[in-house]
Amino acid sequence: MPIATTAFATDALNWVRASPIISAELVLLAYALYKLVKVLVYEPLTSPLEALRGPPKPGKVFDLSNIFLALDTVNSQRNQQEMREEYGKNMHIQGFGYWDQRLLTFDTRAINYILNQASELYPKAWQSRRMLSRLLGEGLAITEGEQHKRQRRVINPAFAPAALRKLDPIFHSKAEELRDRWFGLLSSTPDAEGYTTLDINHWISRATFDAFALGGFSYSLNVIQNEDHPLYLAYKKMFDAALNKGQTLMGFLEIYLPWLTYLPTEVNRQINASKKVILEAGEEIIREKRAALIKGLDEEKGRESGGRDLLSVMIKSNLEETSPKQRLSDAELLAQIHSFLFVGSDSVSLSISWTLYELSQNIALQTRVRDEILAARQSSPNVSVHDASALPLLDAVVRECLRVTPPLQSTLRCATRDDIIPTEDGNGIKIRAGQLVHLPFEGMNIAKEIWGEDAWEFKPDRWFNLPETAKRNPGLVSNLMTFSIGSHSCPGVHFAIMEIKAFLAELIVSFEFAPVPKKRILKGNVMVTRPFVAGEWGKGTQMPMLIRPYTPKPSTEA
């Protein structure tokens, strides 16, 4: 703010304080007015992001159109491509009101800087953290700074290759259980061609929740068979209330006015009741795990006890921290349970569902993948689905789905100080402390200048001959932004890919998948990219699909 303006504000406040007849309320009112003028007038007019081009301003104070050009997953492919072509890789967009000016960047150097070199200067936006922490607590998906580093150090051993290999049988066991459950459902109501309509996302989400609970905490929920377990129902009801039908006006207002979460609304009552069940179950799990580990370590004189699940590995890692200040509290361990059960199982189930959706749209590709798996099993009964050399097409299909439909469409970061973000063209972008940056994971995964003119299409064969531009794309796995990069990248990436492949391999060789006529599946950006049926948004997340048991065709050989 100019010196004259600052001096005027300071003199005015000093005068108010010095006057014996001016009340404290008037002091506060004057300060509030000063802040309003600063936020609503001065900062928008002097924003450094105004130097960038961008979509035309809506012209209305509360018009949301600019922001949803980037966030609307139904049209985001076309919107983002057109914006890149018109305004370049770095553009100015308007958030929730003209005062909320943001940077949207597709610039690889800028993205690497924000998520890697300067990640401490660009934490997750407080709006995102507030919404998530209400549901998940202070887990790895929310925390920043030293707290995040401390949590990551304790959690990393749980996702080491040796620990994950021990969990692989659980993935296959749950995939086989889901297969058998589907066989039972399909046998009762087939149509003339042998197909039955199932909401596959509903069933797959139950199976992955089961798998995460068993592999994560050795906690058997049996959700594939019955949905009546209190812990599963608590999670389901909480996230149905908070997220499943999209972002409501009240949900938006609660981010900026958190006291609204204390109002006795039906949604708040449901969230609080669910959190109580989850808290009590989580505390019991942690107590039992810690007691078993301490007893096992004492009895075996320091040798590793038998706990193989993720939570046991985390608690063991926590106990081995020499400094008490570096250990995680029970509340932090509980928050990791929340994050794994929801963020982990939800993301994996969605990736499996979207992959089967893409295969249902391309029967020839579906047949090729099935034939590859069956041929590999015939030649080597113990072949691992994780062996990309034995099952290259399955591996390519998984990569392609993670490219085209990343569970997390984008991430939002906030500048904590005035900065100049380096860019590919060498000019840099000036940004002010408090301004937000959109980093489009999906946009980087489907940019035509990176992946080719067919970038929007689901073509797994591209992975056998990637363009050089794609090989240079930033990404934690396979040059994909799906799992982010840097210190906040997904620690469970290999856990997720292992589980996705285990389920897909079993389901693809057991069933044939086809689209339901007159049911158009749309992508909805509801924290993660969820499937919705066109015209049925009010029914929440669903992915109906035609399924029938796969029957090998008789051999034509003489």
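The values are calculated or read from the model by the stated rules, or taken from the named source; none is laboratory data. In this text, all values refer to a predicted model and were calculated from it rather than measured experimentally. We place every Cβ from the backbone using ideal geometry, glycine too, and count neighbours over all the protein chains shown. Surface accessibility is based on the protein's heavy atoms, side chains included, excluding ligands, DNA and RNA. Shrake-Rupley method; radii C 1.70, N 1.55, O 1.52, S 1.80 Å.
Mean residue ellipticity, 222 nm, helices only, the chain: the sum of -39500 (n - 2.57) across DSSP H runs of n ≥ 4, divided by residue count and rounded to 500, is -15000 deg cm²/dmol. In terms of accessible area, using a 1.4 Å probe and ignoring ligands and nucleic acids, Leu164, Leu26 rank largest first as Leu26, Leu164.
Measuring nothing but protein heavy atoms, the accessible surface of the chain at 1.4 Å probe radius is 57 percent carbon and sulfur. Straightening the chain between Glu280 and Lys553 buys 93.0 nm, computed as 0.36 nm per residue apart minus the Cα-Cα spacing.
Toward the positive end of the charge dipole of the chain, with +1 on the Cβ of Lys and Arg and -1 on the Cβ of Asp and Glu, the farthest Cα among Thr189, Val343, Thr355 is that of Val343. Residues in the chain average 47 Å² of solvent-accessible surface per residue, probe 1.4 Å, ligands and nucleic acids excluded. Across the options Asn116, Ala375, Gly95, the greatest Cα extent toward the positive end of the charge dipole of the chain (unit charges at beta carbon of Lys, Arg, Asp, Glu) belongs to Gly95. Computed on the Cα atoms alone, the convex hull of segment 75-151 gives a volume of 131 cubic angstrom per residue.
With every protein chain in place and a 1.4 angstrom probe, the accessible-area ranking of Cys490, Cys414, largest first, reads Cys490, Cys414. Label-to-label distance for Phe183 and Ala514 is 2.2 nm, based on points extended 7 Å past Cα in the beta-carbon direction.
Stokes-Einstein at 20 °C, 1.002 mPa s, Kirkwood radius from Cα pairs: D for the chain in µm² s⁻¹?
It comes out at roughly 83 µm²/s.
When you restrict to C-alpha pairs under 8 Å that are six or more residues apart and normalise by the size of the chain, the relative contact order lands at 22 percent. The label point for Val37 and the one for Ser389, both projected 7 Å from the Cα toward the Cβ, are 7.2 nm apart. Which angle from 0 to 90°, rounded to the nearest 10, does the C-alpha axis of helix 345-360 make with the longest principal axis of the chain? The angle comes out near 60 degrees.
As I understand it, the dipole of the chain uses +1 on the Cβ of Lys and Arg and -1 on the Cβ of Asp and Glu, about the Cα centre. Which of Ile224, Asn465, Gly428 lies farthest toward its positive end? Sorting the options by dipole projection puts first Gly428.
Counting only lysines at least 8 places from Lys316 when in the same chain, those with an alpha carbon closer than 28 Å to its own are Lys149, Lys166, Lys174, Lys275, Lys276, Lys289, Lys295, Lys301, Lys325.
Summing +1 for each Lys or Arg and -1 for each Asp or Glu among the other residues whose beta-carbon sits under 11 angstrom from that of Pro422 gives -3. For segment 330-468, the dipole from Cβ point charges (+1 on Lys and Arg, -1 on Asp and Glu) about the Cα centre works out to 140 debye, to the nearest 20. Each Lys and Arg adds +1 at its Cβ and each Asp and Glu adds -1 at its Cβ; summed about the Cα centre, the chain shows a dipole of about 760 debye.
For a straight C-alpha distance cut-off of 16 angstrom, the aspartates and glutamates reachable from Lys89 (same-chain residues fewer than eight places away being disregarded) are Glu50, Asp107, Glu424, Asp425, Glu442, Glu449.
A probe of 1.4 angstrom, applied to the heavy atoms of all protein chains, finds Thr265 with accessible area near 50 square angstrom. Derived scalar couplings between HN and Hα for segment 440-455 equal x, 4, 4, x, 6, 6, 10, 5, 5, 5, 9, 9, x, 5, 9, 4 Hz in order, rounded to whole Hz, by the Karplus curve 6.51 cos²θ - 1.76 cosθ + 1.60 (θ = phi - 60°), x for Gly and Pro.
Computed from the Cβ-Cβ distance with R0 of 22 Å, the FRET efficiency linking Asn116 to Glu457 stands at 0.15. The label point for Arg377 and the one for Ile420, both projected 7 Å from the Cα toward the Cβ, are 6.0 nm apart.
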